[in-house]
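Contents: one structure, followed by commentary.
The values are calculated or read from the model by the stated rules, or taken from the named source; none is laboratory data. Quantities reported herein were computed from a predicted structural model and do not represent experimental measurements. Here the Cβ is made from the backbone with ideal geometry for all residues, glycine too, and neighbour counts use every protein chain on show. For accessibility, only protein heavy atoms count, side chains too; no ligands or nucleic acids. Shrake-Rupley method; radii C 1.70, N 1.55, O 1.52, S 1.80 Å.
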Amino acid sequence: MEKGLLNPLEVMQECVQLALIGKGYTKTNPCVGAIVARENRIISRGWHEAYGQAHAEVNAIDNSPEPVEGADLYVTLEPCSHHGKTPPCVEKIVQSGIKRVFIGVVDPNPVNAGKGVEYLKQHGVEVYIGYMEELCASIIEDFTKYIYTKMPYYNVKAAQSLDGKIASVTGDSKWITSQSSRAYSHYLRAVSDAVLVGVGTVQADDPELNIRHIRANTDPFKIVLDPNGRMTTDRKLIKNSADKLIYVTSNNNEKANIIRDMGAKVIVVDYIDKKLDLKALSLKFAEMDIMNIMVEGGGDTIGSFFDAGLVDKVNFFIAPMIIGGCRTSVAGIGVESIAKSHKLTEVQTRQFEGDLLYTANVSDYRTPVLELTERIRGCCACGCSAHKG
């Protein structure tokens, strides 16, 4: 690399950081970051700021203090080529005079997959595919699952003692983890479309499930699973945020009607084998444009999502204390043998005061995007400008 020239990998890493600024605001769109640059300097930056608004590429071009003709565009995800809430980004790129486009990964959405690359090539733009692919694929795993399965991405969050307990024998749980851990937990809420708990948690703790400890411009939906109509109408979730409450039950009875009349959204789901049909429920969530959900508890609710094979990621805060008893962070039926346990990958740890945060993936929605990116790059390998950097 010539001295003074920008390193495309470093520029793409910054694009990823820009993309994450929009996390929690894009609904069923992926988070995307973009940078306009010339040989040795960055000209402008942009990210997808909110659902229905301009995409990252358009924002980066429009934010430029100078003409972008002949410049390079770096973007974490293939620019769109179809009309949606906004016009196709590829048209904007071509019209602006951008000379080269560096793409992190190809869009997994079949409506666009590879078509954005092809449009740019056909209109004289040089296209380079595959920069920081694993990183770029990892920040859109919720979008990829939503596209491929029509179900939300489920992220489990639990605060537990070293021996795996989420409350004392009397039900006391305030507070197991430190204030720093709780602040980060509220960040996780802020970048989720919805927070989900079971009715036992609602009745025992009367939570609000809102965002505190940090500043945020959005508030997630609050989902309560209550198959048997146990939730009382004096709960804070109904009194303070009924417009954000999604109440899930198995019977469209008088309790459901009362809660509906108080302003909440009510979903009725079949009871199968003495449990809510969580897969059918997941399809309903997706129809409501809910793409990622944080499951916060309690242990039975978390266990039911593991039993249904729906958990995609975990964030376990482990505090340096021993509680004892039987109130575990993951209950449910469990697995029959260690060999059938849920294997975790991409394990990361970090510390908040005395607590250890253990973050890991249960599912893998990076690989299909990486394979698609490699296939599109391979199709472009002969005689065209698209290739790996």
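Any residue at all in the stretch 172-181 that is under 19 Å from residue 259 (Cα atoms), buried (at least 18 other Cβ atoms within 10 Å of the Cβ) and not aromatic (Phe, Trp, Tyr)? Checked against the condition, which is being under 19 Å from residue 259 (Cα atoms), buried (at least 18 other Cβ atoms within 10 Å of the Cβ) and not aromatic (Phe, Trp, Tyr), the stretch 172-181 yields no hits at all.
Of all residues in the stretch 345-355, those satisfying the criterion of being surrounded by fewer than 17 Cβ atoms within 10 Å (Cβ to Cβ) and not basic (Lys, Arg) are 345, 346, 347, 348, 349, 351, 353, 354. Take the conditions (1) crowded, with 17+ Cβ neighbours inside 10 Å; (2) assigned to a helix (DSSP H, G or I); residue 207 misses just one of them, which is (2).
Might you check whether a residue that is open to solvent by less than 10 Å² (accessible area, probe 1.4 Å) and either closer than 21 Å to residue 26 by Cβ or free of Cβ contacts under 8 Å to residues at least 40 places away in the same chain (or both) occurs anywhere in the stretch 156-165? Scanning the stretch 156-165 turns up no residue that is open to solvent by less than 10 Å² (accessible area, probe 1.4 Å) and either closer than 21 Å to residue 26 by Cβ or free of Cβ contacts under 8 Å to residues at least 40 places away in the same chain (or both). May I ask you to verify whether residue 219 is in a loop (DSSP other than H, G, I, E, B), open to solvent by 10 Å² or more (accessible area, probe 1.4 Å) and either charged (D, E, K, R) or at pLDDT 95 or above (or both)? Yes.
Sub-7 Å Cβ pairs linking a first residue in the stretch 122-151 that is over 15 Å from residue 105 (Cβ atoms) to a second residue that is modelled with pLDDT under 95 and open to solvent by less than 60 Å² (accessible area, probe 1.4 Å), at least 6 apart or interchain, are 126/385; 146/28, ordered by first then second residue.
Residues that are surrounded by fewer than 23 Cβ atoms within 10 Å (Cβ to Cβ) and more than 22 Å from residue 191 (Cβ to Cβ) within the stretch 285-305 comprise 300, 303, 304, listed in sequence order.
With respect to the conditions (1) open to solvent by 50 Å² or more (accessible area, probe 1.4 Å); (2) in a loop (DSSP other than H, G, I, E, B), residue 227 lacks only one, and its number is (1). With respect to the conditions (1) in contact with a helix residue (DSSP H, G or I) (Cβ under 6 Å, 6 or more places away or on another chain); (2) among the polar types (S, T, N, Q); (3) open to solvent by 30 Å² or more (accessible area, probe 1.4 Å), residue 144 lacks only one, and its number is (3).
Restricting 222, 236, 244 to residues that are in contact with an Asp or Glu (Cβ under 7 Å, 6 or more places away or on another chain), touching a residue at least 24 places away in the same chain (Cβ under 8 Å) and within 15 Å of residue 206 (Cβ to Cβ) narrows the list to 236. Regarding the stretch 128-146, can at least one residue be identified that is assigned to a loop (DSSP other than H, G, I, E, B) and farther than 30 Å from residue 370 by Cα? No, the stretch 128-146 contains no residue that is assigned to a loop (DSSP other than H, G, I, E, B) and farther than 30 Å from residue 370 by Cα.
Residues that are closer than 19 Å to residue 301 by Cβ, among the hydroxyl-bearing types (Ser, Thr, Tyr) and under 26 Å from the mean Cα position of the chain (by Cα) within the stretch 236-288 comprise 247, 249, 282, listed in sequence order. Every listed requirement among (1) at pLDDT 95 or above; (2) open to solvent by less than 40 Å² (accessible area, probe 1.4 Å); (3) assigned to a helix (DSSP H, G or I) is met by residue 195 save one, (3).
Of the residues making up the stretch 307-342, those that are open to solvent by 50 Å² or more (accessible area, probe 1.4 Å) and touching a Leu at 6+ places or on another chain (Cβ under 7 Å) number 3.
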